[in-house]
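Here is the structure we will look at, set down as C-alpha cells.
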Amino acid sequence: MEAVAEGLWGLADYHENKGEIGKAVKCLEAICQSHVSFLPIVEIKTRLRISTLLLKHTHNVNHAKSHLERSQLLLKAIPSCFELKCRTFSLLSQCYHLVGAIPPQKLILYKALDLTSSASQDVAVKLWSCNFNSQLANAFIIEGDYQSSISALQSGYVCATEISYPDLQMFFATAILHVHLMQWDDENSVLRSISQCDRVWESIDPNRRGQCLGLLFYNELLHIFYRLRICDYKNAAHHVDNLDAAMKADMQKMQEIQQLSSELDALNQSLSRPDLPSRERSALAGRQIKLQQRLRSLEDSSLTGKEFLEPSYFGNARQAWGDKLVLAPSPMDGEWLPKSAVYALVDLMVVILGRPKGLFKEYALLKLGITDGVREVDLQHSAIWMAGVYLMLLMQFLENKVAVELTRSGFVEAQEACESMIEMLRGQYAHSVGCYSEAAFHYVEAAKITESKSMQAMCHAYAAVSYFCIGDAESSSQVQISSAYSFMQAIDLIGPVYQMKDTINGVREEASLHFAYGLLLMRQQDFQEARNRLAKGLQIAHNHMGNLQLVSQYLTILGNLALALHDTVQAREILRSSLTLAKKLYDIPTQIWALSVLTALYQQLGDRGNEMENDEYRRKKLDELQKRLADAYSSIHHIELISKVKLEVQQFHELDIKRAMANQSMSVNLDIPESIGLSTPLPVQSSSRLVDLDGGRRGKRKI
C-alpha cells in the first residue's frame, strides 16, 4: 500500500504544480478515505500535506484543523517522529489562531514546548523551540498579556543565541521592541530594547544584512514608530531615508527579475520549435544559460522560503514568495506585513514626517488610499489582529483628518488608550470650531480615562488653553464671571501638572505644558517669566519636533507678548515670521490670530495705512473661516462630536473567546468532511461571527 500512497502523493504534486489545488487535495483525500488501512505514518503525512495545501491556498481553516487534530491523535501512539509532531503542533496552533481560539492555541503550544525541552538540544530542536515561543508570544498579545509575551520572546532569543544565529536573534529582538511599543508603560524599557536591536543588527555580517530585507524594514519601521511617538521627527528622517533606499533597490531588483523571467519564457518558447536552425538554437541556448544564472543570482541575494511547506504565520499565507519580506528562516517562515503594505508604510512615513514641516499635501492621502470614506471596518479582521502597529499608525495618521470614527481600535488591550484618544480628538475638534467649553470637557474626560502621565499632561495643557479662550468667546455680559471661573479652572489644571513636568517624558508633552503655562503667566501679567517659558517651548518645538505649525503658534503668542512689553520692533519681526509660516501651512486660525495682533501693533504705532490693509486681509480670512465653520456646524456629526457625553468602550475580550469557542468546535472530529469546496469564500457562520464582534466593539454612549 505504500506504493499506492507514493503514487497518489506524486499525482498530488503534479496537480499542485499545475495550480489544480482541488485535484491535488482529492488525490490525498483518497488515502484518508480508503477502506484499506495504511500505516499510521502514511496517514499522518497525508493529512499534514492536505492541511498545508488548505492553509496555503484556501480559506478552509476548519477542515485543515480537523485533519491536524486527527494527525495529533495518531502521533500520540508513536514515540518518535519528532519533526512530524512539531509540524503538526505548529500548523494546529496557526489554525486555532486563525479561528480566534486562543486558549486551545496556548495549550497546544505548551505541549510543543514540552516536547522540545525533552528532546536532544540540537539546532533543529532549538529552531522549533523558537517557532513555538514566537507563536505563544502572539497568543499572549491577543489577550493583552504583554509581560508573558515578552517572556516568550526572550526565551526564543535565548535559543537563537545558543545556536549562534544572529538573524534569528534579530527577529526576536525586534519582536520584543514591537511589544514594548504597543505596551509603552516604561520608556526606559523601550530604549533598552532599541539598543538591543542596534547591537544585534551590527553583529550581523554586512553582506548578510542585504539578504535580511524583511528584518531591515521591520527594524527601521519600529525605530520610526518610536521616534514619532516622542515627536522626534528629525532623528526619524534618516531611518526613512534608509527605508526609501532599500525599497527602491528592491523594486528595481524585482523589476529586473520580472523582465528576465519574461525574456526567459519567450526564449524557451523559441527553443521548443522543432524547425529551429542549429546555429540559432546554439545561440539561444547560450543566452538561456546566462539568463538562468542571472535570475539565480538575484533570487539568491535575499531570504526566500520556496522550499518551506509551512504557511506564513505573521501575514498573508496565500501570496507568492517573491512578494514576501521574510523575517526568519524555517520553521519560523513568517513575515510581519505583506510587501505592498510595508511599501505603503514607507510612503506613509514620508507623509507624516513631511506634515509638521508644512510639506503635507492632500494628494498624499489619496495616494495611500485614505479618504474621508475609509473606515477601520474596511480592514480585514485577520489584518487587524496580525498588524497591530500598522493599525495604530493608521489611526495616528487619520488624526490629522479629525476623523474620530476612524480611531477606534480592534485590539482589546488598546481599548482604554483609544477611548482616551477619541476624547482628546473630540476636544481638538471642538476647540478648532470655537466650542471651547465642550473642548475643555472632552480634554478633562480624556485625562480621567487614561493612566498615562504623558497623556494626562497633554490633556490638562489643552484643557487649560480652552479655558483661557472661553472668556474671550462669551458675550459682554458674561465675560467677567466666565473669565474668572475659566481662569481658576485653568490654574487648577496646569499648575500642578507643570510642577511635575520633570517627571513626564516626551518633547510633545513638554512643549504643550510650556505653551499653556506661558499663557497662564501672561494672564497673571508676569510677562518676563512668560517670555522665558514660551521661548523654551519654542526651542523644543523647532529643534526637537520640527513642527512648523506649533512654531507658528508659539511665535504668534511671543509677538503678542513683545507688544505687551512695548517692544514693537521685535513684535513686528516675530509676527511677520508667524504669519509667513501660517500661510505656508494654510492654518487660517493662526493667520487670523497673527493678523489681529499685527493690526493692534500698527494701531499702537499710528501706522494707519498698514493697519487698514492688515485689518482688511484679516476680515477676508475671518469670512473664509466663518464659511468653513458654517459647513462644520451643519454637518450631522457636529453635535455628536462636541456634545458633553463621554464615549465608553465595552470590554469584549472574554465574549470574543466564548463566541469563537461556540462557533468553532475544538473537539476532535473523526467524521472529517472529505469533499472540500476550494473556491468557496469563508463559511457564513465564521463571517457573521467576525462582523458581529467587530460591531460589538463600536462602543456605546453613556448619558
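The values are calculated or read from the model by the stated rules, or taken from the named source; none is laboratory data. Please read all numbers here as calculations on a predicted model, not as lab measurements. Heads up, the Cβs are rebuilt from the backbone with ideal geometry, glycines too, and the neighbour counts pull from every protein chain shown. Accessible surface areas use protein heavy atoms only, side chains included; no ligands, DNA or RNA. Shrake-Rupley method; radii C 1.70, N 1.55, O 1.52, S 1.80 Å.
Can you give the net charge of the other residues whose Cβ lies under 12 Å from the Cβ of residue 554, counting K and R as +1 and D and E as -1?
That works out to +3.
Choose one of 565, 525, 585: the residue whose Cα lies farthest towards the positive end of the charge dipole of segment 503-586 (beta-carbon charges +1 Lys, Arg; -1 Asp, Glu; about the Cα centre).
585
Residue 244: net charge of surrounding residues, Cβ under 13 Å, Lys/Arg +1, Asp/Glu -1, itself excluded?
On the way: positive: 248; negative: 220, 241, 250, 347.
Net charge around residue 244: -3.
Can you give me the relative contact order of segment 152-308 as a percent, contacts being Cα pairs under 8 Å and 6 or more apart?
On the way: 95 pairs, mean separation 29.3, N = 157.
This gives 19 percent for segment 152-308.
Assuming 0.36 nm per residue, please report the length gained on full extension of the stretch residue 187 to residue 254 beyond their Cα-Cα distance.
20.3 nm
So what is the accessible area of segment 579-651 per residue, in Å², with the probe set to 1.4 Å?
Working: 4460 Å² over 73 residues.
Result: 61 Å² per residue.
In nanometres, what is the gap between the two model label sites at residue 34 and residue 123, each 7 Å from Cα along Cα-to-Cβ?
3.6
With only Lys, Arg, Asp and Glu charged, each at its Cβ (+1 for the first two, -1 for the last two), find how big the charge dipole of segment 62-139 is about the Cα centre; round to the nearest 20 debye.
140
At 7 Å along the Cα-to-beta-carbon direction for both residue 283 and residue 147, put a label point, then send me their distance in nm to one decimal.
Taking the simple label geometry, residue 283 and residue 147 are separated by 7.4 nm.
Rounding to the nearest 20 debye, state how big the charge dipole of segment 225-294 is about its Cα centre with +1 on each Lys and Arg Cβ and -1 on each Asp and Glu Cβ.
So the magnitude is around 140 debye.
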